[in-house]
1. Using 7 Å Cα-to-Cβ label points, what is the Met108/Asn126 separation (nm, one decimal)?
2. What spacing in nm lies between the two simple spin-label points modelled at Ile12 and Leu57, each 7 Å away from Cα in the Cβ direction?
3. Within the range 136-174, whose backbone N sits under 16 Å from a point 7 Å along Cα→Cβ of Val21?
4. Where does each of Tyr48, Tyr200 land when they are ranked from fewest to most other beta-carbon atoms within 10 angstrom?
5. Starting from the Cα of Val187, step 7 Å toward the Cβ, then list every residue of the range 80-106 with an amide N under 19 Å from that point.
6. Among rounded, prolate and oblate, which fits the range 143-234 when a ≥ b ≥ c are the square roots of the eigenvalues of its C-alpha gyration tensor, a/c under 1.5 means rounded, and a/b larger than b/c means prolate?
7. How large is ³J(HN,Hα), in whole Hz, for each residue of the range 96-101 in order, when computed from phi with the Karplus curve 6.51 cos²θ - 1.76 cosθ + 1.60 and θ = phi - 60°, using x for Gly and Pro?
8. Between Phe43 and Ser176, 0.36 nm times their residue separation minus their Cα-Cα distance comes to what?
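Nothing in this text is a laboratory measurement; each read-out follows from the coordinates by a stated rule. On a predicted model such as this, the values are computed, not experimentally measured, just so you know. All Cβ positions, glycine included, derive from the backbone under ideal geometry; neighbour counts span all protein chains shown.
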Amino acid sequence: MMSEKKEIFFRIAEPLLIYLVLYFPTILQQQVGTGRIDFDNPFLYLTYFAVAFPQFLFLLWLIHRQEGTTFADFGFRKPETPIDRLMPFVILASLFAVQTASVLLPRMFGWGAPSPQETIPFSVTNGAMLIPAFLMFLLTGYTEELYFRSYLLTYLSRCRVPMAPALLVSAFLFASGHLYQGVTATVSIFVIGLVLGLWYYALKNIHLLAVSHALFNFFQLLFLYFINYPTVSN
């Protein structure tokens, strides 16, 4: 009886402990920071890759050690058809639709529009930094999708947690990492987490989600760069 209780405890504790180790320290750091990420700062990339790449490798190892499964069970599948290769752009469109709605709906109902810092918490003026920024976003896409969708949703499914509560848990943890952006942005990111979770259940392909996640972040940064470019050049 005691061994069964221990097994249940460790089943619940494993994903929560991983979240606390990998993501909670960053959340605390963001609460005391400026709230904006300066992509003109080379030190940002050095510190990010030094932290995120080991996290990425750890998540791969974690998935590898899951008993009775293969990487394919966690969404490591090659796109097989031309439609599959277009799916990142379909997913991307759904993410931008959620973000657009999160800006327009508050205006329509008189709740006040989110601030630019809430909507896009990035800053960039140096075009040379766009390349390392894309690589950073790609690593972010894979690392976050590996935990919040690939590992967590598959793990909860193996624990016989129904899809709806599993999606809510995944989206809640995903959104909690963005509390520094404000309430409106956090709610929007919660919905984005739900959308990404639904796409994962539908496609079971981590590559499609990671690439669309990276493009979603990168296009926002690119948008900011071209807005600032005329001011900087003058």
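1. My value for the distance between the label points is 4.2 nm.
2. Placing both labels 7 Å along Cα→Cβ, they lie 3.4 nm apart.
3. Residues passing the 16 Å test: 147-148, 151-152.
4. Details: Tyr48 16, Tyr200 25.
Going from least to most buried by this count: Tyr48, Tyr200.
5. Answer for this model: 95-106.
6. prolate
7. Each residue's phi maps through the Karplus curve to give 5, 5, 5, 5, 5, 4 Hz.
8. On the way: separation 133, 0.36 × 133 = 47.88 nm, distance 2.52 nm.
Stretched out fully, the Phe43 to Ser176 stretch lengthens by 45.4 nm.
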